[in-house]
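> Once you've had a glance at the structure underneath, I'll fire off some questions.
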Amino acid sequence: MSSATPANDPELSQFEHLQVSTLSDAMFALGLKDTALGPSVRLLVGKRILGRARTIGRVPLPSNGGQQEIKPEFSLAIQEVIDGCGPGSIMVIATQGIATHANWGGNMATRAAAVGALGLITDGAIRDLEEMGPLGMTIFAQGTSPRAGHFRFATAIRNEPVICAGVLIRPGDIIVGDADGVIVIDPAQAGAIAAKAHELVEVEEEMQGFMRTGATLQDAVRKYKVR
């Protein structure tokens, strides 16, 4: 996979200083569908993240089967996708919201960091949380669990669209995450969303400046209503 960072990817660079909340407002103003992940996925460690999605979909094992019965060719799919990450990649592991067992840990994070991946988005759980910060990994997840997921889940999707925390995420989609949450941007809509978001930032800066002069919040809303 080719490198994708704000420095060499014009689509990404448009979002470099935009907050997730502003992007959500911009998409609402444009009449676009909501692509903010559900609030169960929260920032556990790290900082703001901006990059391109690489996807894995996992399912809980049935009582009568394992990875070999579901998709034997995907037995090392997670490792394959991580190995194929480049700078600016963000791993997405969708687990149907099941967070009883971890689907990410220190070994995966070590390799992901080595190939330039920025971090992980998952609607499941991770473990080895204390290792993530020193590796420079930003992690958005539902929570942590010491239980290994290796014998509890099977990989069913490899670099194809997945549904994570209620949102469809495709390989190559733009992901922005900060302390407010995570939002997914369709590259085909990136220009319009970024332009509207920058417009909203300008209006809100004027609005806040107006209030600093002593104007009331009511006056500011009447003058600068932006939504």
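The values are calculated or read from the model by the stated rules, or taken from the named source; none is laboratory data. Please read these numbers as outputs of a predicted model, since none were measured by experiment. Note that we place each Cβ from the backbone using ideal geometry, even for glycine, and neighbour counts take in every protein chain shown. To get the accessible areas, we keep the full protein, side chains included, count just its heavy atoms, and leave off ligands, DNA and RNA. Shrake-Rupley method; radii C 1.70, N 1.55, O 1.52, S 1.80 Å.
> Summarise the accessible area of the range 49-198 (1.4 Å probe, protein heavy atoms) by the percent that is carbon and sulfur.
52 percent
> Hey, another quick one. Explain nothing, just the number: relative contact order of the range 1-123, from Cα pairs under 8 Å at least 6 residues apart, as a whole percent.
The value is 29 percent.
> Hey, another quick one. Pull out the extension gain between Glu199 and Gln68, defined as 0.36 nm times the separation in residues minus the alpha carbon to alpha carbon distance; nm, one decimal.
42.0 nm
> A further question on this structure: Any idea how far apart Asn8 and Glu80 come out in nm if each label point goes 7 Å out from Cα toward Cβ?
2.5 nm
> What is the helix-to-structure angle for 20-29, meaning the angle in degrees between its Cα long axis and the longest Cα principal axis of the chain, kept from 0 to 90 and rounded to the nearest 10?
70 degrees
> Restricting to lysine pairs 8 or more places apart or on different chains, what number in the chain have Cα atoms under 23 Å apart?
Count of close lysine pairs: 4.
> For the chain, what relative contact order do you get, as a whole percent, if you take Cα pairs closer than 8 Å and at least 6 residues apart? Write down the numbers at each step before the final one.
Details: 504 pairs, mean separation 65.4, N = 227.
That works out to 29 percent.
> Largest first and in whole Å, give the semi-axes of the range 1-73's equivalent ellipsoid, each being the square root of 5 times a Cα gyration tensor eigenvalue.
Taking √(5λ) for each Cα gyration eigenvalue gives 33, 19, 13 Å.
> With charges set only on the Cβ (+1 for Lys and Arg, -1 for Asp and Glu), what does the dipole of the chain come to about its Cα centre, in debye to the nearest 20?
The dipole of the chain has a size of about 420 debye.
> Also: Pop out the Kirkwood hydrodynamic radius of the range 94-205 from its pairwise C-alpha distances, inverse of mean 1/r, in Å to one decimal.
This gives a value of 15.6 Å.
> Arranged from highest to lowest average of other beta-carbon atoms within 10 Å per residue, in what order do the peptides 197-208, 164-175, 125-136 appear?
Order by mean packing, descending: 164-175, 125-136, 197-208.
> Please list, by residue number, everything in the range 194-227 whose backbone N is under 12 Å from a paramagnetic label point 7 Å out along Cα→Cβ of Ala29.
Answer for this model: 194-207, 224-227.
> Where in the range 1-108 are there GluC sites (Glu not before Pro) that are in a DSSP coil and have at most 15 other Cβ atoms within 10 angstrom of their Cβ? Mind dumping the intermediate values first?
Values: sites: Glu11, Glu16, Glu69, Glu73, Glu80; in loops: Glu16.
Hits after loop and neighbour filter: Glu16.
> Shifting gears a bit: How much net charge surrounds Ala215 when only the other residues with a Cβ under 12 Å from the Cβ of Ala215 are counted, with Lys and Arg +1 and Asp and Glu -1?
Net charge in that neighbourhood comes out at +1.
> At a Förster distance of 25 Å, what's the computed FRET efficiency of Met211 paired with Arg48, Cβ-Cβ distance as r, to 0.05?
Values: r = 26 Å, r/R0 = 1.04.
It comes out at approximately 0.45.
> Which of Ser75, Ser63, Ser40 moves the most in a Gaussian network model of the chain with Cα springs under 10 Å?
Top of the fluctuation ranking is Ser63.
> With only alpha-carbon atoms counted, please give the Rg and Dmax of the chain, in Å.
19.2, 69
> Using a probe radius of 1.4 Å on heavy atoms only, what accessible surface per residue do you get for the chain? Whole Å² is fine.
49 Å²
> In addition: Provide, for q = 0.13 Å⁻¹, the log10 of I(q)/I(0) from a solvent-free Debye sum over equal Cα point scatterers in the range 47-131.
-0.42
> Restricting to the chain, compute how many DSSP beta bridges are antiparallel as a %, nearest 5.
Once the DSSP bridges in the chain are tallied, antiparallel ones form about 55 percent.
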